[in-house]
Amino acid sequence: MGESLGEVHSTVTTSGKKGWRKLLAFIGPAYLVSVGYMDPGNWATDIAGGSQFGYKLIWVLLMSNLIALLLQSLSARLGIVKGLDLAQASRNTYASWANYPLFALAQIAIIACDLAEIIGMAIGLQLLFGLPLIWGISITILDTFLLLFLLNKGMRSMESFIVSMVFIVGLSFLAEMFIVEPSLPEVIKGFEPSVLSGDALYIAIGIIGATVMPHNLYLHSSLVQTRKIERTPEGIRESLKFNLIDTTVALNLAFLVNASILILAATAFFKNGYHEVAQIQDAHKLLDNIFGSLAPALFAIALIAAGQSSTVTGTLAGQIIMEGHLNLKIQPWLRRLLTRLLAIIPAFFTILYFGEEALGELLVLSQVVLSLQLGFAVIPLIHFTSDKNQMGEFAIKPWVKILAWLSALVIVVLNMKLVFEEVLNWFNTSGSHWWIYVFILPVVLGILLLLIYVSLHPVINKVRTEKYNALYGQATDISAPEGVIYSHIGVPVDFSGRDRNTIRNALIQGGKNAHYYLIHVVDSAGATYHGEKVMDFETQSDFQNLKKYQSNLEDLGYKASVLIDYGNRASAIARLAKANNMDLLVMAAHGHRGIKDIIFGSTLDTVRHKVKIPVLIVR
């Protein structure tokens, strides 16, 4: 079974602690999740909602927060009880073909989320330092290395960084509330539910998508597994209790921040006649005009902190869904860089073709996209945590199940209403409808069918086969081993101190009956360009060194040949192994880590993917 977020799985110890120390050991995962509830995407929807409708949408925020609290507690329950994140559980339950579109939809949600963080961070840098947005967006790619650094420092270091960012955001908005002085009776009236349609529905769904974020459900089910707990009924019950406290406190703090943003927009803009403030930059400028320089400075600082913290959790979620749905593992730095690049491209495109003023609309759209994906995360989550066969005594109670399904129904119905209204609007405003029939309707129909499958499959297919219970298959019977004889052994050498150990290990594998191929690849600039035509000093020196190794082996009674190639080392080694029918490669590991591995390359890792023969790694 593959561990979710294997780098930090079960790295925080909770045993041997009591009272408040025990509680502190569990506090952390929900705070990492909560930053997604106060990211720049929330800012855009809250500012748009507050400026257009005053305090009327506060009840939507409250409803979203209650739904989020329920669903995040279910997500934590799945991770604690089953030791699976939501993506892994989906892979175990649904057919393999379904996991590809489920991964694609989840990845689109991650990109939409990351897009919001990028734009928010860039806007914050522009507001504080006057940095052009295009440069601010480029700088955000460095977040990839920040995340790698934090992961290497351990889970507690990452959580401390996130909590400090959350503290900055909360403190900034607390100060903002004292500056703008909202009307308390009007704020309380905003908690009264009202009918939603048109722009109000669009923004309300954006608020739901920005609050109940699908990637947070994947993330929370994984992060709770960073706590090392006793796998007994008492230990699991204790873990569930402390994680519920962690989730309740963290998400309620996030609600207060979100409510503060909406109240700020309603008080500063709606009440002053500014009803179309959807741009974060406009909000900053108006705060400066109305309340002086302190309020907008706090606003920009909070925006940078929110963007910086949210991007860390967003890229972690990208890792979880890729490994969970597809069982695809790639280098952590590459995975995070890829996630960030996929989000940067739409931001660049928007600025270059539509101008900086379109970024605010892109932010709101990104949150609506998040909401549209929610059903594909929420419905499986409810199925998994309701299943007594899988969860045992920790399956959710009937009243919790009813509330969860009501929440899912609200989300799905609102999304379906939005899609229907948008498609109808395109029909009414578009002169030609062919593109709707060719592109839009098939996609909408396909997504609807997938949602039906996700909803009904766990009910229809109650009987689970054993193959779905493990990510890496079943253990097989092991018979008595037969002798393995290697007759053609390749030994790549680089004339360093490692060669002696590598060659000795190769000789042990084949003895004097095998034939040894001493391989060296010349990768100088001249060799890369000219290939075998190059006869520079390095090539001649390397060839003489190879002949020396060959002579030494022949003096000891071994059969050896010299093979020299040029250019890319990994490709050349794989090519020579195939051409000479080698049945074993013995290679030295250079031992580089982190940045060195990026700079000097990873020949061994690439070779083992290019050849179909065993590779013995010598350290």
Which residue pairs have Cβ atoms closer than 6 Å, lie 6 or more positions apart in sequence or on different chains, and pair a first residue in segment 222-250 that is aromatic (Phe, Trp, Tyr) with a second residue that is at pLDDT below 85?
-> Phe242/Leu23; Phe242/Phe26
Considering segment 208-248, residues that are among the acidic types (Asp, Glu) and in a helix (DSSP H, G or I), and then whichever is nearest to Ala404 (Cα to Cα), we arrive at Asp246
Ala395 passes all but one of the listed conditions (1) in contact with a Lys or Arg (Cβ under 6 Å, 6 or more places away or on another chain); (2) within 17 Å of Ser64 (Cα to Cα); the exception is number (2)
Select from segment 407-441 the residues that are in a helix (DSSP H, G or I), more than 18 Å from Phe376 (Cβ to Cβ) and without any contact (Cβ under 8 Å) to a residue 12 or more places away in the chain and list them in ascending order.
-> Phe420, Glu422, Leu424, Asn425, Phe427, Asn428, Thr429, Trp434, Trp435, Tyr437, Val438, Phe439
Within segment 539-569, tally of residues that are closer than 18 Å to Asp499 by Cα, among the small types (Gly, Ala, Ser) and modelled with pLDDT under 85 | 1
Would you check if Lys462 is at pLDDT below 80, assigned to a helix (DSSP H, G or I) and surrounded by fewer than 10 Cβ atoms within 10 Å (Cβ to Cβ)?
-> no
So, first residue not assigned by TED's automatic domain parsing to the domain that holds Ala250 and modelled with pLDDT under 75 in segment 166-185, second residue surrounded by 13 or more Cβ atoms within 10 Å (Cβ to Cβ) and aliphatic (A, V, I, L, M), Cβ within less than 6 Å, six or more apart or across chains; the pairs are none
Would you check which residues across segment 572-586 are loosely packed, with under 14 Cβ neighbours inside 10 Å and in contact with a Leu (Cβ under 8 Å, 6 or more places away or on another chain) and list them?
-> none
Those residues of segment 109-133 which are acidic (Asp, Glu) and surrounded by fewer than 24 Cβ atoms within 10 Å (Cβ to Cβ), in sequence order = none
Close pairs from segment 497-516: first closer than 15 Å to Tyr549 by Cβ and modelled with pLDDT of 90 or more, partner of a type in the set (D, E, K, R) and not in a helix (DSSP H, G or I), Cβ under 6 Å, at least 6 apart = His515/Lys559
Go through segment 262-300 and give me each residue that's in a helix (DSSP H, G or I), at pLDDT below 80 and β-branched (Val, Ile, Thr).
-> Ile280, Ile290
Out of segment 206-252, which residues are under 23 Å from Ala302 (Cα atoms), surrounded by fewer than 19 Cβ atoms within 10 Å (Cβ to Cβ) and not β-branched (Val, Ile, Thr)?
-> Asn252
Specify the residue that is modelled with the lowest pLDDT; the eligible residues are those in segment 587-601 that are surrounded by 16 or more Cβ atoms within 10 Å (Cβ to Cβ) and out of contact with any strand residue (DSSP E or B) (no Cβ under 8 Å at 6 or more places or on another chain).
-> Gly601
Scan segment 41-95 for residues that are assigned to a helix (DSSP H, G or I) and of a type in the set (Asp, Glu) and jot them down.
-> Asp46
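Taking the criterion of being under 27 Å from Leu66 (Cβ atoms) and modelled with pLDDT under 75, would at least one residue in segment 371-387 satisfy it?
Yes: segment 371-387 contains one or more residues that are under 27 Å from Leu66 (Cβ atoms) and modelled with pLDDT under 75.
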Of all residues in segment 375-391, which are free of Cβ contacts under 8 Å to residues at least 60 places away in the same chain and exposed (fewer than 13 other Cβ atoms within 10 Å of the Cβ)?
-> Lys388
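The values are calculated or read from the model by the stated rules, or taken from the named source; none is laboratory data. As the structure is a prediction and not an experimental result, all values here were calculated from the model. A quick note on method: Cβ atoms are made from the backbone with ideal geometry, for glycine too, and the neighbour counts reach across all protein chains shown.
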